[in-house]
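See structure below.
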Amino acid sequence: MKKLLTIGFAMFVFVLNAQSMSNADQIQNPSYEKVGDLVKVTTFYETGEIKEQGFYDADKKLTGKWLQFDKQGKKTTVAHYYKGAKVGKWFVWKGDKLLELDYEASRIASVNEWKGGDTVIADN
């Protein structure tokens, strides 16, 4: 009888663990949505907040606008890709700094930096 109770308790704990893990995995696993010829991917933090969002093309290469957010939901990066290559203007917020990076053929062509007091609105 003692052996049967031990096995039953172990199975009960295992089932509870499996349920809580699947709920956490559901939040952390990316979601995929077909948008025209592209696939929109959204990844999440453990809290359920969006971590990253962007698109893949049919060749599974990053394309279009990609956004990254911190755990409070504040935008930290706006990036642009074309067939896996970094292109165009990227914006990266770091504390009181805003970096604007211009990419050409996946290489940084120029960098501009603004700090706290500078008035810059970047929503690309």
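Each reported figure results from applying straightforward, stated rules to the coordinates on display, with no laboratory input. Small disclaimer: the values here were computed from a predicted structure and weren't measured.
Exceedance of the 24 Å cut-off in Cα-Cα distance is limited, within the set Lys61/Lys97; Lys40/Lys94; Lys40/Lys115; Lys60/Lys89; Lys34/Lys94, to Lys61/Lys97; Lys40/Lys94; Lys40/Lys115; Lys34/Lys94.
For Ala85, no residue whose modelled amide H falls within less than 5 Å of its own remains once neighbours fewer than 5 places apart on the same chain are excluded.
Remark: the Cα gyration tensor places the range 30-115 in the oblate category, a/c being 1.5 or greater and a/b not exceeding b/c.
Applying the Karplus relation 6.51 cos²θ - 1.76 cosθ + 1.60 with θ = phi - 60° to the range 33-41 yields 3J(HN,Hα) values of 9, 7, 10, x, 8, 10, 10, 8, 10 Hz, where x marks Gly and Pro.
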